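The values are calculated or read from the model by the stated rules, or taken from the named source; none is laboratory data. Treat the numbers as computed from the prediction; the structure is a model and nothing was measured. Every residue, glycine among them, receives a Cβ derived from its backbone with ideal geometry; neighbour counts consider all protein chains shown. Please note that ligands, DNA and RNA were not included when accessible areas were found on the heavy atoms of the full protein model with its side chains. Shrake-Rupley method; radii C 1.70, N 1.55, O 1.52, S 1.80 Å.
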Amino acid sequence: MTHGQPYLVQLLGFQLVRGNNDFVFEQGRPREPVFTVKDVEAVINDPEFFKRGRYYFDGVWGQAARGAEGQQAILQLLAPHPEGLSLDVLAQSTGMNDADLQEALNTLKRHDVVEETQGSWRIMVELFRRWVLQ
């Protein structure tokens, strides 16, 4: 979900602990002292999570508006496709020439936003991908 991005790891951890403390100490209900996938899903499915993470999300999005042209358009195209898209599909969909497309992808890759795996380009941080979809 975070792909190791420190801000998102910290935010997710903070929200997990906060929810646990509310459940145990404020509501006085017992629970196992282990976080589950269900706990993580509850945190990331709360619309407030993305509002709390706005500094990260807005920062990455804003960075994609600077430098190589077309970065934000690429991210919008990739967002609905967690498995990624091929270079050919990206070129067709963006209408960018090969050199400009490659420059934009390289910039996004250098900033740890996208990665290429087996010929497909995808957004690395799942939470950012979901934010772009919103």
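Annotations for the structure displayed:
- Among the conditions (1) over 19 Å from the mean Cα position of the chain (by Cα); (2) more than 30 Å from G95 (Cβ to Cβ); (3) open to solvent by less than 60 Å² (accessible area, probe 1.4 Å), G53 misses just one, which is (1).
- For beta carbons closer than 6 Å, sequence separation of 6+ or different chains, a first residue in segment 32-48 that is over 23 Å from V132 (Cα atoms) and a second that is open to solvent by less than 70 Å² (accessible area, probe 1.4 Å) and in a loop (DSSP other than H, G, I, E, B), there are no qualifying pairs.
- Looking only at segment 41-62, and only at residues there that are in contact with a Leu (Cβ under 7 Å, 6 or more places away or on another chain) and part of a helix (DSSP H, G or I), the one that is nearest to M96 (Cα to Cα): Y56
- The residue that is most open to solvent (accessible area, probe 1.4 Å), counting only those in segment 1-23 that are free of Cβ contacts under 8 Å to residues at least 24 places away in the same chain and of a type in the set (G, A, S), is G4.
- Set G84, G95: member being among the small types (G, A, S) and more than 26 Å from L11 (Cβ to Cβ): G95
- Scanning segment 28-37 for residues that are loosely packed, with under 10 Cβ neighbours inside 10 Å and either modelled with pLDDT under 95 or part of a loop (DSSP other than H, G, I, E, B) (or both) yields G28, R29, P30, E32, P33, V34.
- Test: residue in segment 63-81 that is in a loop (DSSP other than H, G, I, E, B), modelled with pLDDT of 95 or more and at positive phi: yes
- Residue ID - surrounded by the fewest Cβ atoms within 10 Å (Cβ to Cβ), chosen from residues in segment 62-113 that are touching a residue at least 12 places away in the same chain (Cβ under 8 Å) and of a type in the set (D, E, K, R): E83
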